[in-house]
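*Asks:* Sending over a structure as structure tokens; questions will come in a sec.
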Amino acid sequence: MSNWVDFLPLLFLVLIFWLLIIRPARARQREFVKTQNELAVGTKVMIASGIFGEIASIGDDTIELRIAPETVVTVNRQAVARVIPADTAAGADD
């Protein structure tokens with residue numbers, strides 16, 4: 001009985017570590033993968049620096065982002081922080 005009780009604080013620390021570190025990291029990873037899967041030509045996105053634009057083309061590691069009618073920049077695909085929903089993007093153009 002004494003041996004089991006000795007491991008109780010260690011088990012408690014492992015549980016706290018899992019709840020505070022591992023679980024939120026997995027949720028962020030799932031959200032990142034979901035965002036990357038939503039990328040398509042013509043999708044409006046915001047990159048991590050706060051620049052909004054429309055995807056002009058997609059490569060393996062990069063995307064070309066149209067930020068103005070004649071301005072296309074190449075950014076790392078992982079820089080996409082958020083996909084702007086179509087209904088929000090249409091409302092912003094009005």
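The values are calculated or read from the model by the stated rules, or taken from the named source; none is laboratory data. This is a predicted model, so every value here is computed, not measured. Here the Cβ positions follow ideal geometry from the backbone for every residue, glycine too, while neighbour counts run over all protein chains shown. In case anyone asks, the SASA skips ligands and DNA or RNA and just uses the protein heavy atoms, side chains included. Shrake-Rupley method; radii C 1.70, N 1.55, O 1.52, S 1.80 Å.
*Asks:* Mind listing the long-range amide H neighbours of Ile84? Cut-off is under 5 Å, sequence gap 5 or more, other chains count too, H placed in the peptide plane at 1.01 Å from N.
*Replies:* Lys44, Val45, Met46
*Asks:* In the chain, what chymotrypsin sites (Phe, Trp or Tyr not before Pro) fall in a loop by DSSP, with at most 13 other Cβ atoms inside 10 Å?
*Replies:* On the way: sites: Trp4, Phe7, Phe12, Phe17, Trp18, Phe32, Phe52; in loops: Phe7.
Here the chymotrypsin sites (Phe, Trp or Tyr not before Pro) that fit, given the DSSP loop and packing criteria, are Phe7.
*Asks:* Mind pulling the angle between the C-alpha long axis of helix 23-37 and the longest principal axis of the chain? Nearest 10 degrees, somewhere in 0 to 90.
*Replies:* 20 degrees
*Asks:* Expressed as a whole percentage, what fraction of the accessible surface of the chain belongs to carbon and sulfur atoms when a 1.4 Å probe is rolled over the protein heavy atoms?
*Replies:* On the way: 4320 of 7100 Å².
Ligands and nucleic acids excluded, carbon and sulfur reach 61 percent.
*Asks:* Right, here's the next one. Placing +1 at every Lys and Arg Cβ and -1 at every Asp and Glu Cβ, with all other atoms neutral, what dipole size does the chain have around its Cα centre, in debye to the nearest 20?
*Replies:* Details: 9 positive and 11 negative charges, 90 e Å.
I would put it at about 440 debye.
*Asks:* Would you mind checking the tilt of helix 8-17 against the longest principal axis of the Cα atoms of the chain, expressed as 0 to 90 degrees and rounded to 10?
*Replies:* 0 degrees
*Asks:* Sticking with this one: One quarter of the convex hull surface, Cα atoms only: what value does that give for region 20-59 in nm²? List each step's numbers first, then the result.
*Replies:* Numbers: hull surface 14.3 nm².
Its Cα hull, projected and averaged over all orientations, spans 3.6 nm².
*Asks:* So, one more: Report the one residue of Ala81, Pro9, Thr43 whose Cα lies farthest in the direction of the positive end of the charge dipole of the chain (charges on C-beta: Lys and Arg +1, Asp and Glu -1; origin at the Cα centre).
*Replies:* Most positive-ward Cα: Pro9.
*Asks:* Let me ask you something else. Mind checking the per residue accessible area of region 15-94 for me, 1.4 Å probe, whole number of Å²? Don't jump to the answer; show the numbers that get you there.
*Replies:* Values: 5600 Å² over 80 residues.
Result: 70 Å² per residue.
*Asks:* Note down the Stokes-Einstein diffusion coefficient of region 20-94 in µm²/s, whole number, using a Kirkwood radius over alpha carbon pairs, 37 °C, and 0.692 mPa s. Intermediate results must be reported in sequence, preceding the final value.
*Replies:* Details: Rh = 13.1 Å.
Rounded, D is 251 µm²/s.
*Asks:* When the helix-only estimate is applied to the chain (DSSP H runs of n ≥ 4, each -39,500 (n - 2.57), divided by the residue count), what is the mean residue ellipticity at 222 nm, nearest 500 deg cm²/dmol?
*Replies:* Working: 4 runs with 38 residues, N = 94.
So the calculated ellipticity at 222 nm is -11500 deg cm²/dmol.
*Asks:* Write out the GluC sites (Glu not before Pro) in region 1-82 meeting two conditions: DSSP loop, and at most 10 other Cβ atoms within 10 Å of their Cβ. Walk me through the numbers on the way to the answer.
*Replies:* Working: sites: Glu31, Glu38, Glu54, Glu64, Glu70; in loops: Glu38, Glu70.
For GluC sites (Glu not before Pro) across region 1-82 that sit outside H, G, I, E and B with at most 10 neighbouring Cβ atoms in 10 Å, the list reads Glu70.
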